[in-house]
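Everything below concerns the one structure shown next.
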Amino acid sequence: MCKRWTCIGVILIVSSGVWAGVSQDQCFCVSLDNMAVRAGPGLSVSGDLVPVAVGQSACNFGCGQFGSQQAGGIVGQIGVAGGLAGASGVCQTLHVGGGQTQTAGDVAIQATSTPGPGANVQGQGLGVCLGQVMGNAGGPGGAAGAQGGLVGQGQTLATPTGSGSQCQVVVPIQAGAVVGGPGSIGMVAQSAQASVGQSQQF
């Protein structure tokens with residue numbers, strides 16, 4: 001039986017109290033589920049591979065403001081179950097999500113107000129959650145699974161009063177295997193979660 005692991009994505013909300021010359025947001029989410037099961041002599045193999053890429057940019061020529069956001073990566077999973085008797089199987093789930101936001105303040109207001117941070121703001125968050133269960137029972141056989149990938153995102157905000165850049169990368173990797181002889185019972189269960197977030201004002 002597969003226990004579904006729930007992943008709560010990172011949500012960043014950054015706000016500014018001035019009119020925005022450049023303001024944009026982007027997000028992405030990838031969810032994968034995979035299962036390979038066999039009973040009796042045989043072999044089962046299942047897998048998936050998903051690349052992701054997203055990006056955008058905005059420019060306010062009148063105010064001299066520019067913003068750019070990029071995100072991408074690739075994630076996948078594979079499960080194998082085989083044997084001569086009994087039953088074995090593997091169940092996997094993987095979730096990845098990220099989001100970015102940036103806002104450039106009004107240049108005219110910044111030029112006439114007291115200098116200080118807060119007029120230009122940006123933030124980003126990235127999270128990953130993965131889990132897998134594999135087992136073998138009742139005869140010579142086994143099961144193995146592996147999943148993971150590489151996902152990253154970055155953004156840059158430039159204005160006449162300053163600039164800032166942010167970058168995040170996660171490399172989740174999970175692998176396991178169980179093998180048994182006649183009459184044996186074995187199981188492996190794994191789970192992992194990671195999240196990162198950051199924000200800046202200038």
Worksheet item: Here are some conditions: (1) farther than 19 Å from Val188 by Cα; (2) surrounded by fewer than 15 Cβ atoms within 10 Å (Cβ to Cβ); (3) not aromatic (Phe, Trp, Tyr). Val75 meets all but one. Which one does it not meet?
Response: (2)
Worksheet item: Here are Gly89, Gly83, Gly67: which of them is within 23 Å of Ile173 (Cβ to Cβ), surrounded by 21 or more Cβ atoms within 10 Å (Cβ to Cβ) and not aliphatic (A, V, I, L, M)?
Response: Gly89
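A quick yes/no check of all residues on (1) within 28 Å of Val22 (Cα to Cα); (2) at pLDDT 95 or above:
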{"site": "Cys59", "(1), (2)": "yes, no"}
{"site": "Gln65", "(1), (2)": "yes, no"}
{"site": "Val75", "(1), (2)": "no, yes"}
{"site": "Val80", "(1), (2)": "no, yes"}
{"site": "Ser88", "(1), (2)": "no, yes"}
{"site": "Cys91", "(1), (2)": "no, yes"}
{"site": "Thr101", "(1), (2)": "yes, yes"}
Practice prompt. Give just the number: which of (1) of a type outside the set (Lys, Arg); (2) modelled with pLDDT under 95; (3) closer than 22 Å to Gly127 by Cα does Gly21 not satisfy?
Written response: (3)
Worksheet item: Somewhere in the stretch 163-172, is a residue exposed (fewer than 15 other Cβ atoms within 10 Å of the Cβ), under 17 Å from the mean Cα position of the chain (by Cα) and not in a strand (DSSP E or B)?
Response: yes
Discussion item. Please determine whether any residue of the stretch 185-201 is exposed (fewer than 13 other Cβ atoms within 10 Å of the Cβ) and outside any strand (DSSP E or B).
Written reply: no
Worksheet item: Is at least one residue of the stretch 33-40 free of Cβ contacts under 8 Å to residues at least 12 places away in the same chain, of a type outside the set (S, T, N, Q) and not in a strand (DSSP E or B)?
Response: no
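Yes/no matrix, rows are residues, columns are (1) over 24 Å from Gly72 (Cα atoms); (2) out of contact with any strand residue (DSSP E or B) (no Cβ under 6 Å at 6 or more places or on another chain):
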site: Gly141; (1), (2): yes, no
site: Gln155; (1), (2): no, no
site: Ser163; (1), (2): no, yes
site: Gln166; (1), (2): no, no
site: Gly176; (1), (2): yes, no
site: Gly181; (1), (2): yes, yes
Worksheet item: Restricting attention to the stretch 141-162, and to residues there that are assigned to a strand (DSSP E or B) and of a type in the set (Ser, Thr, Tyr), which single residue is modelled with the highest pLDDT?
Response: Thr156
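The values are calculated or read from the model by the stated rules, or taken from the named source; none is laboratory data. As the structure is a computational prediction, the values presented were derived from the model and not from experiment. When we count neighbours, we look across all protein chains shown, and the Cβ atoms used for this are built from the backbone with ideal geometry, even at glycine.
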